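Since every read-out is calculated from the coordinates, none of them should be taken as a lab result. Worth saying up front: this structure is predicted, and the values here are computed from it rather than measured. Note that each Cβ is placed from the backbone with ideal geometry, even for glycine, and that neighbours are counted across all protein chains shown.
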Amino acid sequence: MSEWLVLVLAMLAVCGVVLVVQVLQQRRIGDDDDPSETPDVIEYMTMMIGVVYAIVLGLAIAGVWEGRNAAQDHVRNEAQALHEVNERVRVYPADVRDNIRADVDRYVSHVVTTEWDSMRTKGELTAKGDALLKTVREDVTDFEPKSDFQAQAYQPLLDQVTAADDARGAREDSTGATMPGVVWFGLIAGALVTIGMIFALQIRRTARELVLAGLFSSLIAFLLFLIWDLDAPYSRGVAATAEPFLLLFPGAH
């Protein structure tokens, strides 16, 4: 049984229980009952629905914002690790040093141009980027240190290449949307219920009430759009950028 079917059945069961209890309670009420003495619960229900939905919206916004910041951290970690490789390789012979730096620059240039466009449009990294990073790894691992000084720099360089590879993998995992479909269902259904309670309160057609209802609906629509915009960290408006690469490798354009 799929989770969607379980969710629908659970929601129908809860609604059914509430309606059955209410119908049975109405049948037990005598003819001498005075409804005016019963507290009106519609305002309380409206308030609780608004509070619960506000909490859900806040958690959703916090989740996608945290995902966006984590995506930016992956870019920063990858750029910093490659920068460390670029700097620490200076103890190597000139030909090896220049070759490694050239391959690092080639990889970074590919990331900030071709691969970044692929992340925005397709939500995936490129095979060429994998090949270029593999070339950098081979450059570092294939060198045989000729002195103790070079040998001391060898393992840290390998560690930085591994860190760059790990950050690249994390960047790949963050390219797609992070919000599950069931969460979007809850957000949209909650928005419809919350806005629908405006009609349950029977607002009048005064300018003040109409303006407030419009602003309230617009606010919910804006918050839903903000969640959608932050949901894909690399491909929409408030997206993670390649700025760390550009700061550490000014010639990457």
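So if each residue of separation counts as 0.36 nm, and I subtract the Cα-Cα distance between residue 215 and residue 42, what length gain in nm does that give? Write out the running numbers ahead of the final one.
Values: separation 173, 0.36 × 173 = 62.28 nm, distance 2.15 nm.
In short, 60.1 nm is gained.
Hey, fewest Cβ within 10 Å first, where do 20, 89 land in order? Mind showing how you got there, number by number?
On the way: 20 10, 89 23.
By the 10 Å Cβ count, ascending, the order reads 20, 89.
For Cα pairs less than 8 Å apart in space and 6+ apart in sequence, what is the mean separation divided by the residue count of the stretch 93-191, i.e. the relative contact order in percent?
Relative CO of the stretch 93-191 lands at 28 percent.
Residue 119: net charge of surrounding residues, Cβ under 14 Å, Lys/Arg +1, Asp/Glu -1, itself excluded?
0
Using a 10 Å cut-off around each Cβ, can you sort 48, 119, 197 from fewest to most neighbouring Cβ atoms? List each step's numbers first, then the result.
Numbers: 48 11, 119 27, 197 17.
Listed from fewest to most nearby Cβ atoms, that is 48, 197, 119.
Order of 101, 208, 236 from fewest to most other C-beta atoms within 10 Å?
Details: 101 18, 208 9, 236 14.
Neighbour counts put them in this order, fewest first: 208, 236, 101.
Mind listing the phi-derived Karplus ³J(HN,Hα) values for the stretch 81-97, rounded to whole Hz, using 6.51, -1.76 and 1.60 with θ = phi - 60°, and x for any glycine or proline?
With coefficients 6.51, -1.76 and 1.60, one gets 5, 5, 5, 5, 4, 4, 8, 6, 6, 5, 7, 7, x, 4, 5, 5, 4 Hz.
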